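Undergrad: Below you'll find the structure I mean.
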Amino acid sequence: WWERWKLFMFQESVAVRTRTGVDVKTPVGMLELILRSKYPAVTEDEERMNIPLQLLCLAIFDAVILHFMNKLSPDGVWQVAKARICDKLYVRKQAMTLDILARRYGEVQVVCLQEVAAVFEDEFRQSSLASTHELVCPATLNGKRDQNSFILLRHDAFNMTTVCEVTAAVASCTESLGGIKLSDGDLLAIDVLDVRGTRFLIASFHGDTNGLLTVPLVSAICQVARTKFPQHQLLVALDANVYERPGKDKKAFAEFTREIAALGLTSIWGDQPDVSRCRTTCSARTSLQPQLNKAVRLQDRVERSDMNPKDTILFFPEQLKLVHPEEMNSELRRNPVKDNTGRLEYLEASVFPTLDFPSDHGIVAVALHAVHG
């Protein structure tokens, strides 16, 4: 395996989607410098040698994992299981995601996605969803981190010629409020007119791991909405990365709820939500993944999982309100809806992604209508 590893790392090429097209690189060429300016614990020698050190750590990690698996599964069955998981959760992840959206959410007028790979755009063009929806991508598409926010708009609901990206306006406001600089692809904000003549300001955002940038970003969106787009209906769909029981330097869901209310916003969960109804993640790392300190034993996979209320949709209550379930033109008498199966249902205390649902965040959907008109 060592010869094959070196061949892959130093000689084989992979295609990486960038904002300007497709870039072809070797895996070693994709490693990024780890700078002391960002990570002060890194020494000068480590900074100077950090690419070789990264290669060494990768090789050691892979050697350890291979030793474990060959010891535990000498018949090679583990490779079959790994190939199946890789096919479902990596190779076919975009196709499976698009299939779920087309089959279960094809009638939804606005779909906001976060942490999406740049290659999703290519897969979308070949999918059935392209016949009903328009995909809006950020100008600052990031093909290296591959954590982009996208928006899908249904063709029969919006005038696509009016779509205008306004991410830069929000980003500049964010920097002026607290010196916060967003990473490329984390935010997509658009101004668009629907077919009835109503203007919308729609934002799709992926927060930082600890959720500390979420409220400042939402505050900036509110300020931009009120000062530059006062006639627009506001929709903010986000992975807030907030926590039910936060650890050190993590944003609490309860605190997040209070602070968005102070900004004049409400969420699909209401102003005083029952947190047990709002959980949208339940994932646990195995000992076969990086960051072994976060690994969880099989019997503890739910109790020690990342089970938190991270995903939500925000709006101004004077503009929009939830449709009553009895008024919905659907057999599904729930509003909002959570889904971690791809079947319009959410299995609480059930670890995902699975081979049928490729995301580690559940889908949240809501039916809204205007307060006036």
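The values are calculated or read from the model by the stated rules, or taken from the named source; none is laboratory data. Predicted model, so just to flag it, every value in this text is computed and none were measured. Ideal geometry is used to build each Cβ from the backbone, glycine not excepted, and the neighbour counts take in all protein chains shown. Quick note on the areas: whole protein, heavy atoms, side chains included, nothing else; ligands and nucleic acids left out. Shrake-Rupley method; radii C 1.70, N 1.55, O 1.52, S 1.80 Å.
Undergrad: Answer rounded, prolate or oblate for the stretch 7-87, using the Cα gyration tensor with square roots of eigenvalues a ≥ b ≥ c: rounded when a/c is under 1.5, else prolate when a/b is larger than b/c, else oblate.
TA: oblate
Undergrad: May I ask for the equivalent-ellipsoid semi-axes of the stretch 59-212, computed as the square root of five times each C-alpha gyration tensor eigenvalue and listed largest first in whole Å?
TA: 37, 23, 10
Undergrad: Give the carbon-plus-sulfur fraction of the accessible surface of the chain in %, rounded to a whole number; probe 1.4 Å, heavy atoms of protein chains only. Before the final figure, lay out the partial values.
TA: Details: 10810 of 20400 Å².
Its accessible area is 53 percent carbon and sulfur atoms.
Undergrad: Going out from 0 in 10 Å bins, what whole percent of all Cα-Cα distances in the chain drops into each bin?
TA: Going out from 0 Å in 10 Å bins, the chain shows 4, 20, 32, 27, 12, 4, 0 percent.
Undergrad: Out of every Cα pair in the stretch 251-334, what percent are spaced more than 18 Å from each other? Don't skip to the end; give the middle numbers.
TA: Working: 2052 of 3486 pairs.
Of all Cα-Cα distances in the stretch 251-334, 59 percent exceed 18 Å.
Undergrad: Read phi for every residue in the stretch 210-218 and hand back ³J(HN,Hα) as whole Hz from Karplus 6.51 cos²θ - 1.76 cosθ + 1.60, θ = phi - 60°, with x for Gly and Pro.
TA: So the J values, rounded to whole Hz, are 8, x, 6, 8, 5, 5, x, 5, 4.
Undergrad: Show that you can apply the helix-only estimate: for the chain, add -39,500 (n - 2.57) for every DSSP H stretch of four or more residues, divide by all residues, and state [θ] at 222 nm to the nearest 500.
TA: Calculated at 222 nm, the ellipticity per residue is -8500 deg cm²/dmol.
Undergrad: Let me ask another. Find out how many positive minus negative residues lie around Arg125, taking Lys and Arg as positive, Asp and Glu as negative, among other residues whose Cβ is under 14 Å from that of Arg125.
TA: Surrounding charge for Arg125 is -3.
Undergrad: By how many nm would the segment from Gln291 to Arg125 grow when fully extended, if each residue of separation counts as 0.36 nm and the alpha-carbon distance is taken off?
TA: Details: separation 166, 0.36 × 166 = 59.76 nm, distance 3.54 nm.
Contour length minus the Cα-Cα distance gives 56.2 nm.
Undergrad: Could I ask something else about it? Taking only the alpha-carbon positions of the stretch 230-372 and ignoring solvent, what does the Debye formula give for the base-10 log of I(q)/I(0) at q = 0.09 Å⁻¹?
TA: At q = 0.09 Å⁻¹ the computed log10 ratios are -0.32.
Undergrad: Gain in length, Gln272 to Val64, computed as 0.36 nm per residue apart minus the alpha-carbon separation, to one decimal in nm?
TA: 70.1 nm
Undergrad: Okay, moving on. First measure r as the distance between the Cβ atoms of Ile180 and Leu33, then evaluate 1/(1 + (r/R0)^6) with R0 = 25 Å and state the FRET efficiency to the nearest 0.05. Mind dumping the intermediate values first?
TA: Details: r = 23 Å, r/R0 = 0.92.
The pair Ile180/Leu33 has a calculated efficiency of 0.65.
Undergrad: Å³ per residue of the Cα convex hull, for the stretch 77-151?
TA: In the stretch 77-151, the Cα hull volume divided by residue count equals 98 Å³.
Undergrad: Oh, and also: Considering amide H positions built from the backbone, and no H for Pro or chain starts, which residues 5 or more places from Lys321, or on another chain, come under 5 Å of its amide H?
TA: Excluding prolines and chain starts, which carry no amide H, the hits are His369, Val371.
Undergrad: How high is the FRET efficiency between Ala349 and Val163 when r is their beta carbon distance and R₀ equals 35 Å, given to the nearest 0.05?
TA: For Ala349 and Val163, the calculated efficiency is 0.30.
Undergrad: Given the C-alpha atoms of the stretch 112-164, compute the convex hull and give its volume per residue in Å³.
TA: Roughly 73 Å³ of hull volume per residue.
Undergrad: Could you pull out every residue, at least 5 positions away or on a different chain, whose amide H is within less than 5 Å of the one on Arg285? Hs are placed 1.01 Å off N in the peptide plane, and Pro or chain starts have none.
TA: For Arg285, the qualifying residues are Val296.
Undergrad: Can I get the semi-axes of the stretch 178-231's equivalent ellipsoid? Compute them from the C-alpha gyration tensor as square roots of 5 times the eigenvalues, in angstrom, largest first. Before the final figure, lay out each step's value.
TA: Numbers: eigenvalues 117, 32, 13 Å².
Ellipsoid half-lengths, sorted descending, are 24, 13, 8 Å.
Undergrad: Output wanted: per-residue J couplings in Hz (rounded whole) for the stretch 364-371, from phi through Karplus 6.51 cos²θ - 1.76 cosθ + 1.60, θ = phi - 60°, x for Gly and Pro.
TA: Computed from phi, the couplings for the stretch 364-371 are 10, 9, 8, 9, 10, 9, 5, 5 Hz.
Undergrad: With a cut-off of 17 Å, note down the residues of the stretch 1-31 whose backbone N falls inside the zone around a label point 7 Å from the Cα of Val91 toward its beta carbon.
TA: Output list for this probe position: 14-15.
Undergrad: Any idea of Lys228's accessible area? Nearest 10 Å², probe 1.4 Å.
TA: Spelled out: Lys228, probe radius 1.4 Å, area about 120 Å².
Undergrad: Related question: Kirkwood hydrodynamic radius (Cα pairs, Å) of the stretch 136-289? Intermediate values should be presented prior to the final figure.
TA: On the way: mean 1/r = 0.0599 Å⁻¹.
Taking the inverse mean of 1/r over all distinct Cα pairs, the stretch 136-289 comes out at 16.7 Å.
Undergrad: Tell me which chymotrypsin sites (Phe, Trp or Tyr not before Pro) from the stretch 1-36 have a DSSP coil assignment and no more than 11 other beta carbons within 10 Å of their own.
TA: Counting only loop positions with at most 11 other Cβ atoms within 10 Å, the chymotrypsin sites (Phe, Trp or Tyr not before Pro) in the stretch 1-36 are Trp1.
Undergrad: Which entries in Lys250/Lys310; Lys38/Lys181; Lys310/Lys338; Lys181/Lys294; Lys294/Lys338; Lys88/Lys338 show an alpha-carbon gap greater than 18 Å?
TA: Numbers: Lys250/Lys310 12 Å; Lys38/Lys181 14 Å; Lys310/Lys338 12 Å; Lys181/Lys294 28 Å; Lys294/Lys338 26 Å; Lys88/Lys338 22 Å.
Violating the 18 Å Cα-Cα cut-off are Lys181/Lys294; Lys294/Lys338; Lys88/Lys338.
Undergrad: May I ask you to derive the FRET efficiency for Lys71 and Leu298 from their Cβ-Cβ distance with R0 = 25 Å, giving the value to the nearest 0.05? The partial results should precede the final answer.
TA: On the way: r = 18 Å, r/R0 = 0.71.
E(calc), rounded to 0.05, equals 0.90.
Undergrad: Next question. Which longest run of the chain has no exposed loop site in it, a site being GluC sites (Glu not before Pro) in a DSSP loop with at most 12 other beta carbons within 10 Å, and the site itself not part of the run?
TA: Free of exposed loop sites, the longest segment is 108-302.
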